[in-house]
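S.K.: Submitted below is the structure of interest, expressed as structure tokens.
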Amino acid sequence: MKELVSERRDRKLDLAAHAAWLYYIAGNTQEEIAAKLNLSRQAAQRLVALAVSEKLIKFRLDHPLSECIELAEALRDRFNLSLCEVVPTDAGSSETFSGIGVCAATHLETYLVAKTPTTLAFSSGRTLRAMVEQIPSMEQPQHKIVSMIGNMSHYGRAGRNEVVMHLSDRVGCQAYPLPTPVVATSIEERELLQTQRSFLAVKALVEQAKVTFVGISHIAWNAPLHEEGFIDDAEVAELIELGAVGEIAGWTYDRQGNLLQTGINDRVASVPLEQPADRLIIGVAGSSNKVEAIRAALSGKLITGLITDEVAAQAILAKI
């Protein structure tokens with residue numbers, strides 16, 4: 001419990017530092033800060049005041065997150081993002097998804113604590129599971145938690161990083177898993193699955209979601225799609241040959257962020273991605289091996305928001 005309280009205070013100071021940077025250094029108004037951080041104007045005002053009272057602000061931003069804030073603003077401006085957060089990279093840890101998960105959980109929690117019924121959509125993956133692990137128990141039955149991707153291979157093996165049912169158990173929301181495999185065995189099977197009433201009902205909810213949180217993965221041997229058994233060796237080899245660099249909810253895309261017209265995309269049974277996305281689709285991913293996949297997703301406008309780490313942010317901006 002003490003660690004949880006400390007972690008929440010650290011996150012509040014991070015937000016205060018971000019608000020103060022936007023106000024004192026970037027010259028944003030409190031209304032602009034509120035919009036960028038997805039807060040009320042009053043909350044933004046309190047965060048700036050907290051930064052001052054905690055002496056985070058002097059003649060410069062005296063907080064270790066200052067470089068991350070600059071990176072986040074650069075990414076936001078370069079890719080015209082609705083939301084962007086960059087967390088520090090722990091040089092001594094290989095599990096960068098945990099820090100990103102904490103940051104993403106802060107944003108997710110703002111939707112979950114609301115009294116107004118809200119529909120939230122998710123893909124799957126380790127980083128999103130790390131996000132869910134940071135959400136405290138609550139009882140919010142008015143919300144709908146919807147999956148845009150199935151959680152099994154075409155031969156019935158379940159993935160280990162399902163999000164929707166896990167989150168629903170923690171917060172008491174209505175859960176809507178997608179009743180399909182990630183990749184069907186044939187185009188005909190995929191077409192049949194996607195005409196079922198249950199699929200169409202979940203697809204409609206995904207399209208109505210106020211915000212969608214998606215994982216972003218690279219394409220390589222033993223990358224998540226392959227490791228979880230959703231695709232086999234021959235399919236990985238084919239994707240690499242076709243120039244695929246990343247995937248979101250099973251949908252693969254090239255270096256420019258264009259969805260592939262061949263390969264497994266013919267058989268992916270997930271809810272289709274919008275391109276360009278015109279809703280709040282937040283990519284939650286980091287680490288050096290995902291840089292190309294994240295940059296391509298940004299370039300192809302498959303996401304409109306990003307929560308990532310310092311290493312990935314620096315690499316994305318360095319290669320533009």
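S.K.: State whether the residues of the range 203-210 include one that is closer than 23 Å to G101 by Cα, touching a Lys or Arg at 6+ places or on another chain (Cβ under 6 Å) and not charged (D, E, K, R). It would help to see each step written out before you state the result.
M.R.: From the range 203-210, those closer than 23 Å to G101 by Cα are 206, 209-210; that's our starting set.
Within this subset, residues satisfying the condition of being touching a Lys or Arg at 6+ places or on another chain (Cβ under 6 Å) are none.
No, the range 203-210 contains no residue that is closer than 23 Å to G101 by Cα, touching a Lys or Arg at 6+ places or on another chain (Cβ under 6 Å) and not charged (D, E, K, R).
S.K.: In the range 209-223, what residues are over 16 Å from T127 (Cα atoms) and surrounded by fewer than 24 Cβ atoms within 10 Å (Cβ to Cβ)?
M.R.: Looking only at the range 209-223, we keep the residues that are over 16 Å from T127 (Cα atoms), and these are 209-211, 219-222.
Across the range 209-223, the qualifying residues are A209, K210, V211, A220, W221, N222.
S.K.: Where residues in the range 230-254 are touching a strand residue (DSSP E or B) at 6+ places or on another chain (Cβ under 9 Å) and over 15 Å from A269 (Cβ atoms), which of them is surrounded by the most Cβ atoms within 10 Å (Cβ to Cβ)?
M.R.: Pass one, the range 230-254, residues touching a strand residue (DSSP E or B) at 6+ places or on another chain (Cβ under 9 Å): 230-231, 235, 239, 242, 244-254.
Add one more test, that the residue is over 15 Å from A269 (Cβ atoms), and what stays is 239, 242, 244-246, 253-254.
Working: L239: 24, L242: 16, A244: 25, V245: 23, G246: 27, Y253: 25, D254: 17.
The selected residue is G246.
Here is a yes/no grid of residues against (1) free of Cβ contacts under 8 Å to residues at least 40 places away in the same chain; (2) small (G, A, S):
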site: F122; (1), (2): no, no
site: G125; (1), (2): no, yes
site: E133; (1), (2): yes, no
site: S137; (1), (2): yes, yes
site: M148; (1), (2): no, no
site: G172; (1), (2): yes, yes
site: V182; (1), (2): no, no
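S.K.: Something else: Out of all the residues in the range 6-35, which are free of Cβ contacts under 8 Å to residues at least 12 places away in the same chain and not in a helix (DSSP H, G or I)?
M.R.: G27, N28, T29
S.K.: A further question follows. Looking at (1) under 22 Å from I231 (Cα atoms); (2) of a type outside the set (A, V, I, L, M, F, W, C); (3) touching a Pro at 6+ places or on another chain (Cβ under 7 Å), which is the one condition that is false for E310?
M.R.: So E310 meets the others, but not (1).
S.K.: While we're looking at this one, here's another question. Going residue by residue through the range 295-308, is there one that turns out to be under 17 Å from N222 (Cα atoms) and out of contact with any Asp or Glu (no Cβ under 6 Å at 6 or more places or on another chain)?
M.R.: First pass over the range 295-308, keeping only residues under 17 Å from N222 (Cα atoms): none.
So far as the range 295-308 goes, no, none of its residues is under 17 Å from N222 (Cα atoms) and out of contact with any Asp or Glu (no Cβ under 6 Å at 6 or more places or on another chain).
S.K.: Consider Q275 carefully, then state whether it is in contact (Cβ under 8 Å) with a residue 60 or more places away in the chain, assigned by TED's automatic domain parsing to the domain that holds T304 and surrounded by fewer than 19 Cβ atoms within 10 Å (Cβ to Cβ). Working first, answer last.
M.R.: Details: in contact (Cβ under 8 Å) with a residue 60 or more places away in the chain: no; assigned by TED's automatic domain parsing to the domain that holds T304: yes; surrounded by fewer than 19 Cβ atoms within 10 Å (Cβ to Cβ): yes.
Criteria not met by Q275.
S.K.: Could I ask something else about it? Of the residues V284, V291, which is of a type outside the set (S, T, N, Q), free of Cβ contacts under 8 Å to residues at least 60 places away in the same chain and under 15 Å from I100 (Cβ atoms)?
M.R.: Working: V284 fails: free of Cβ contacts under 8 Å to residues at least 60 places away in the same chain.
Exactly one residue qualifies, and that residue is V291.
S.K.: Spot the failing condition for T304; the list is (1) polar (S, T, N, Q); (2) surrounded by fewer than 21 Cβ atoms within 10 Å (Cβ to Cβ); (3) within 18 Å of the chain's Cα centre (by Cα), and only one is missed.
M.R.: (2)
S.K.: Counting just the residues of the range 120-160 that are surrounded by fewer than 21 Cβ atoms within 10 Å (Cβ to Cβ) and of a type in the set (S, T, N, Q), which one comes out farthest from P272 (Cα to Cα)?
M.R.: Restricting to residues being surrounded by fewer than 21 Cβ atoms within 10 Å (Cβ to Cβ) and of a type in the set (S, T, N, Q), the top hit is S137.
S.K.: Do the conditions hold for L200, that is, is it surrounded by fewer than 23 Cβ atoms within 10 Å (Cβ to Cβ) and of a type in the set (A, V, I, L, M, F, W, C)?
M.R.: On the way: surrounded by fewer than 23 Cβ atoms within 10 Å (Cβ to Cβ): yes; of a type in the set (A, V, I, L, M, F, W, C): yes.
Answer is yes for this residue.
S.K.: Give all pairs with beta carbons closer than 8 Å in which a residue from the range 57-75 that is surrounded by fewer than 20 Cβ atoms within 10 Å (Cβ to Cβ) meets a residue that is assigned to a loop (DSSP other than H, G, I, E, B) and at pLDDT below 60; count only pairs at least 6 apart in sequence or on separate chains.
M.R.: These pairs meet every condition: S66/R60.
S.K.: If only one of V182, V163 is touching a Lys or Arg at 6+ places or on another chain (Cβ under 9 Å) and either surrounded by 20 or more Cβ atoms within 10 Å (Cβ to Cβ) or closer than 27 Å to L225 by Cβ (or both), which one is it?
M.R.: V163
S.K.: Here is a further query. Applying the selection to the range 255-272, what residues are touching a Gly at 6+ places or on another chain (Cβ under 8 Å) and buried (at least 22 other Cβ atoms within 10 Å of the Cβ)?
M.R.: I264, V268, A269, S270 - these are the residues of the range 255-272 that are touching a Gly at 6+ places or on another chain (Cβ under 8 Å) and buried (at least 22 other Cβ atoms within 10 Å of the Cβ).
The values are calculated or read from the model by the stated rules, or taken from the named source; none is laboratory data. Keep in mind the model is a prediction, meaning the values are calculated, not measured. Cβ coordinates were reconstructed from backbone atoms using ideal geometry, including for glycine residues, and neighbour counts include every protein chain displayed.
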